[in-house]
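Please read the structure below before turning to the comments.
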Amino acid sequence: MNFEMIQLSYPFSSLEPHIDEKTMRVHYTKHYRTYTEKLNSEISKSSGSKYYDIESIMKDISKLSQGIRNNGGGYYNHSLFFSCLSPGGTKISSNFLRKIENEFSCSFGDFKKKFKKDSLDRFGSGWAWLCSSEGGKLFISTTPNQDNPLMDISQKQGIPILGLDLWEHSYYLKYKNQRDLYIDNFWEVVNWEEVESRYNISLV
Ligand code: MN3
């Protein structure tokens, strides 16, 4: 089993000015590629080779090596992150907007504020997530390093449908220490069609 990088449906420069071309290029061709290659190498020399999909690996991560946890997480997380971006973003459907407002009992603006606060509270490297859990309940969570809520070691488990990379490599070239500005601008490039589609799949 060899895991492959997802192909981007948009050019590196197309998320400008919110995410700059150079960051996208390095992030995809260096960081993401390295996680993918290391995952494949870790798996080939371990019991991970009996797995056929990345989701099953995440769900059994407590039984697998630290190398698979780091690089498998890196592979899964970046595949999700890059899939949920699009040039200029896509408009959220009225259905899914209502879903978010109902689930979080607040406006869409306040939901974004909550997501931002949790992202800023995550110290050091990690990820912020919008997740679906049993019965389609939505929740926000954050994880350290390359962990994610699909992993069986995660404090709060669910199916991630949107992920924000909080590692400095994802924003430092453009935003330097301003993680808050990076988070604000992230919303400008979210592919809500993809997020909603992942939510619908999570219900099955
Ligand atoms: Mn990254």
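The values are calculated or read from the model by the stated rules, or taken from the named source; none is laboratory data. From a predicted model like this one, the values you see are computed outputs, not experimental measurements. Ideal geometry is used to build each Cβ from the backbone, glycine not excepted, and the neighbour counts take in all protein chains shown. When the accessible area is computed, the model is the full protein with side chains, heavy atoms only, and any ligands, DNA or RNA have been set aside. Shrake-Rupley method; radii C 1.70, N 1.55, O 1.52, S 1.80 Å.
Residues of the range 189-204 being in contact (Cβ under 8 Å) with a residue 12 or more places away in the chain and either polar (S, T, N, Q) or touching an Asp or Glu at 6+ places or on another chain (Cβ under 9 Å) (or both), which ones?
Across the range 189-204, the qualifying residues are Asn191, Ser202.
A residue that is open to solvent by 80 Å² or more (accessible area, probe 1.4 Å) and more than 30 Å from Thr90 (Cα to Cα) cannot be found anywhere in the range 6-23.
Can you say whether Ile43 is buried (at least 17 other Cβ atoms within 10 Å of the Cβ), without any contact (Cβ under 8 Å) to a residue 60 or more places away in the chain and at negative phi, as far as the supplied structure shows? It is true that Ile43 is buried (at least 17 other Cβ atoms within 10 Å of the Cβ), without any contact (Cβ under 8 Å) to a residue 60 or more places away in the chain and at negative phi. I want to confirm something. Restricting to the range 143-165 and keeping residues that are more than 16 Å from Gly74 (Cβ to Cβ), touching a Ser or Thr at 6+ places or on another chain (Cβ under 8 Å) and in a strand (DSSP E or B), which single residue is most open to solvent (accessible area, probe 1.4 Å)? The qualifying residue most open to solvent (accessible area, probe 1.4 Å) is Ile159.
Scanning the range 72-98 for residues that are hydrophobic (A, V, I, L, M, F, W, C) and within 13 Å of the ligand (Cβ to nearest atom), we see that the one that is farthest from Tyr32 (Cα to Cα) is Leu85.
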